[in-house]
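Presented below is the structure to which this report refers.
The values are calculated or read from the model by the stated rules, or taken from the named source; none is laboratory data. Predicted, not measured: the structure shown is a model, and the values here were computed from it. As a convention, Cβ positions derive from the backbone with ideal geometry for all residues, glycine included, and neighbour counts pool all protein chains shown. With ligands, DNA and RNA removed, areas are computed over all heavy atoms of the protein, side chains included. Shrake-Rupley method; radii C 1.70, N 1.55, O 1.52, S 1.80 Å.
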Amino acid sequence: MKQRLSILTSFLCAIALVVVAQVDCKIYQLPTFVASASDQQKVRTSDIRTSGVVTAVVRDGDTIKGFYLQDKVGDGDRSTCDAVFVALNNEHVAVGNEIELVASVTSMAGQLTLTDVSVLHKVAENQAVTPTKVIFPKDFSNYNQYVGMVLEFDQTLFVTNNYYWGSGRITLSSHRLNGGVEVELPGSNEYFALVAKNKQDQLTLVSSPSAAYPFADEHETLRMGYRVDNLQGTLVQSGAYYQLEVSTRPNFYGNPRTATHEPIGDYNVKVCSFNMQYYLRSAYGDFAGPANEEEADRQHAKLLKALLAIDADIYGLLEIQQGNEAIAYMCTALNIAVGRDVYAYVADGTSTSGSYTKVGFIYRKDKISPVGALEFNNLKTMYRKAIQLFSLKSTGEKFFFSLNHFKAKGTTYSTTPEGDLDAGDGQSTYNATRVAEANSVISKCANNLTVDPDILVMGDMNAYSKEDPIRRFESAGYTNVLKHYHGDTIYSYSYRGEVGLLDHALANNTMMAQITGATVFHINTDEHYKFEYKNAATCQDNMYRSSDHDVVVVGLNLKGTPDSVVNVVEPTKTCVIPTVVKDDFITIYNAAKMDVTISDLQGRLCYSGKLPNDTKATFTTDQLNLSQGFYVIRIVDPRSTAIEPQLFKVIVR
């Protein structure tokens, strides 16, 4: 019996280990050679003589694990790899060495490695191989075909994630990656397809030798959104992952730090919404935000610099400590910084409650006046949804500013209500709560329309542009202002390399007609968290990474001139609609043969048609079935596409 076992064991070993006489073999021929030696999963062949140029040295800490060797010419066949890993600890091997060696080749699950090197001869130094041109991710359905090879990316690549920059790694993609529900409907086939596509479009870039915070620019930062053209590097394997290794700093460009935001048109009022990431002036270490006064002072200094750079007439501030202590402290600091007593805050009557935060307003009191009392909407979250009527002193024009911070996304807990569980559609937890908050804000704004028809809703909605809460606003007649001006290129937040809008500006029809522009001031989300106030050793005394959200900035042109007179095709004529409808008649002058639509402030269409060939067209409110309230009349001259549609605010009493 023992003899039979011995014979069987010898037979199995003979299958697993095939010894071949020394043979010359090009690196790209190794897979074919091994396959012809045996079709077993694991095979070892000895005395393989080959040569190539060292493209990367692999280390584990200070220990050399081996190096990649690439054939100097290659076979020009993309389906075969021109490089192989040599498992050898030799400190005299360097990138650029041309080497001849004799070794054994081992195949484990399809991966080839040269081991047991018996001969190693350095032929030359400072040699190079011609990079293989590739397009990412199109050419990377199989990474193994490029492992160990020098590649040139025949394209522009973008830095899309710098979260692991401190560990020496950043992520590159073929473009900035929009989050799934930023551009696609939650749970749709298109959403899941985009999620899968984004996952494939991420390439890890590392430096050789490895270092913390590589590739920093003159400001010691490396911002997401930086670009690089025709990047060259060596693709190496690290465990189950692949990464591109470079020995020199790539020539990054684009998306630099800026001192101010992009232009927002010819405005006379500038407003902003800014999530200040838990701004506290007491109760340190209670829950979130600064752990002590030193951190709080660094936080304050960075936020103050940001607010001064924004230079708003009305600051809508989120995640600022409840009560008046914190907002008063920042308001005083602004006045000291500008050397004048021009800033004031809206006192809301709340008291400090530990480290809990709220929303609040600081405004230029020489230009702006709050009208009436601030109103909180405390559905679901306390003091995080407020509305205030503001007036421009020079004209008396008013608008409502609704400032909001909706319930955050998060992990599912045992206490999470069933309706708020993550549905797996991209909206995460508490979507039902955020929808309820959106409905409550819409209702609150509608209740104020009899006071003034112009509504601007801003804040951190914790929902991307295609999620239910934002679409609820759109269905109620609000315009997504940032999307209107910038399409899908705009973002205010980044998560796992994907960008989108969590911070929004939404305007009803009459407000939208008075917006001159809107943008996002990218001072935070593209920056690494090493610059935050919590990191004493690396925090910079500037506004960059003063928070984890970017700032939304909107320009308004609030004029005292009547809304009812505008120029149309013929400069000698004006189209006129009285602002206030009296005696149940709506009369439109000088708009013959023009197209007209009448809608309410919820966006519902009340009338659509063409005006008669006359200088005066009259409708009755009974004909149009209009009740008391505010309406928007839109007039378009079909004879000239160069003339913008004209909007009029009309009050039916």
Test: residue in the stretch 517-535 that is surrounded by 15 or more Cβ atoms within 10 Å (Cβ to Cβ), part of a loop (DSSP other than H, G, I, E, B), modelled with pLDDT under 95 and under 40 Å from the mean Cα position of the chain (by Cα): no
Looking only at the stretch 504-557, which residues are farther than 25 Å from residue 293 by Cα, in contact with a Lys or Arg (Cβ under 8 Å, 6 or more places away or on another chain) and either without any contact (Cβ under 8 Å) to a residue 40 or more places away in the chain or among the β-branched types (Val, Ile, Thr) (or both)? 510, 553, 554
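Residues checked against (1) modelled with pLDDT under 95; (2) touching a helix residue (DSSP H, G or I) at 6+ places or on another chain (Cβ under 7 Å):
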| residue | (1), (2) |
| --- | --- |
| 61 | yes, no |
| 84 | no, yes |
| 118 | yes, no |
| 135 | no, no |
If I ask for residues that are part of a loop (DSSP other than H, G, I, E, B) and open to solvent by 10 Å² or more (accessible area, probe 1.4 Å), which ones from the stretch 157-178 would you list? 163, 164, 174, 175, 176
If residue 583 passes every condition in (1) farther than 30 Å from residue 394 by Cα; (2) open to solvent by 30 Å² or more (accessible area, probe 1.4 Å); (3) at pLDDT 70 or above; (4) not in a strand (DSSP E or B) but one, which one does it miss? (3)
Among (1) farther than 24 Å from residue 556 by Cβ; (2) of a type outside the set (S, T, N, Q); (3) touching a strand residue (DSSP E or B) at 6+ places or on another chain (Cβ under 9 Å); (4) crowded, with 21+ Cβ neighbours inside 10 Å, which single condition is residue 328 missing? (4)
Scan the stretch 146-156 for residues that are hydrophobic (A, V, I, L, M, F, W, C) and open to solvent by 10 Å² or more (accessible area, probe 1.4 Å) and jot them down. 147, 150
Residue under evaluation residue 449, criteria (1) at pLDDT 95 or above; (2) closer than 24 Å to residue 650 by Cβ; (3) open to solvent by less than 30 Å² (accessible area, probe 1.4 Å), criterion not met: (1)
Looking at the stretch 220-240, which of its residues are open to solvent by less than 70 Å² (accessible area, probe 1.4 Å) and either at positive phi or among the small types (Gly, Ala, Ser) (or both)? 225, 233, 238, 239
I want to confirm something. Restricting to the stretch 306-325 and keeping residues that are out of contact with any helix residue (DSSP H, G or I) (no Cβ under 9 Å at 6 or more places or on another chain) and in a helix (DSSP H, G or I), which single residue is nearest to residue 456 (Cα to Cα)? 310
Whether any residue in the stretch 266-274 is open to solvent by 20 Å² or more (accessible area, probe 1.4 Å), β-branched (Val, Ile, Thr) and touching a strand residue (DSSP E or B) at 6+ places or on another chain (Cβ under 9 Å) is what I want to check. no
Among the residues of the stretch 326-363, write down those that are in a loop (DSSP other than H, G, I, E, B) and either among the hydrophobic types (A, V, I, L, M, F, W, C) or in contact with a Leu (Cβ under 9 Å, 6 or more places away or on another chain) (or both). 342, 346, 347, 348, 349, 355
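Table: residues versus (1) in contact with a Pro (Cβ under 9 Å, 6 or more places away or on another chain); (2) within 20 Å of residue 329 (Cβ to Cβ); (3) touching a residue at least 12 places away in the same chain (Cβ under 8 Å).
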{"site": "343", "(1), (2), (3)": "no, yes, yes"}
{"site": "357", "(1), (2), (3)": "no, yes, yes"}
{"site": "365", "(1), (2), (3)": "no, yes, yes"}
{"site": "368", "(1), (2), (3)": "no, no, yes"}
{"site": "371", "(1), (2), (3)": "no, no, yes"}
{"site": "393", "(1), (2), (3)": "no, no, yes"}
{"site": "396", "(1), (2), (3)": "no, no, yes"}
{"site": "410", "(1), (2), (3)": "no, no, yes"}
{"site": "423", "(1), (2), (3)": "yes, no, yes"}
Criterion violated by residue 286 - all others in (1) in contact with a strand residue (DSSP E or B) (Cβ under 8 Å, 6 or more places away or on another chain); (2) surrounded by fewer than 16 Cβ atoms within 10 Å (Cβ to Cβ); (3) among the acidic types (Asp, Glu) satisfied: (1)
Which residues, counting only those in the stretch 331-347, are open to solvent by 60 Å² or more (accessible area, probe 1.4 Å) and closer than 14 Å to residue 307 by Cβ? 332, 336, 345
Of the conditions (1) free of Cβ contacts under 8 Å to residues at least 60 places away in the same chain; (2) crowded, with 19+ Cβ neighbours inside 10 Å; (3) not in a helix (DSSP H, G or I), the single one that residue 300 does not satisfy is (3)
Return yes or no: is residue 106 crowded, with 17+ Cβ neighbours inside 10 Å and either modelled with pLDDT under 90 or closer than 30 Å to residue 158 by Cβ (or both)? yes
Looking at the structure I just gave you, is residue 243 more than 30 Å from residue 422 (Cβ to Cβ) and surrounded by 14 or more Cβ atoms within 10 Å (Cβ to Cβ)? yes
The correct count of residues that are touching a Leu at 6+ places or on another chain (Cβ under 9 Å) and either open to solvent by less than 40 Å² (accessible area, probe 1.4 Å) or over 23 Å from residue 63 (Cβ atoms) (or both) in the stretch 120-138 is 7
Residue hits (the stretch 411-435; farther than 26 Å from residue 474 by Cβ and open to solvent by less than 60 Å² (accessible area, probe 1.4 Å)) are 416
Of all residues making up the stretch 392-408, the number that are open to solvent by 60 Å² or more (accessible area, probe 1.4 Å) and either under 15 Å from residue 444 (Cβ atoms) or charged (D, E, K, R) (or both): 3
Residues of the stretch 126-156 being among the polar types (S, T, N, Q) and not in a loop (DSSP other than H, G, I, E, B), in sequence order, are 132, 144, 145, 156
Out of curiosity, is residue 201 touching a Phe, Trp or Tyr at 6+ places or on another chain (Cβ under 9 Å) and open to solvent by 30 Å² or more (accessible area, probe 1.4 Å)? no
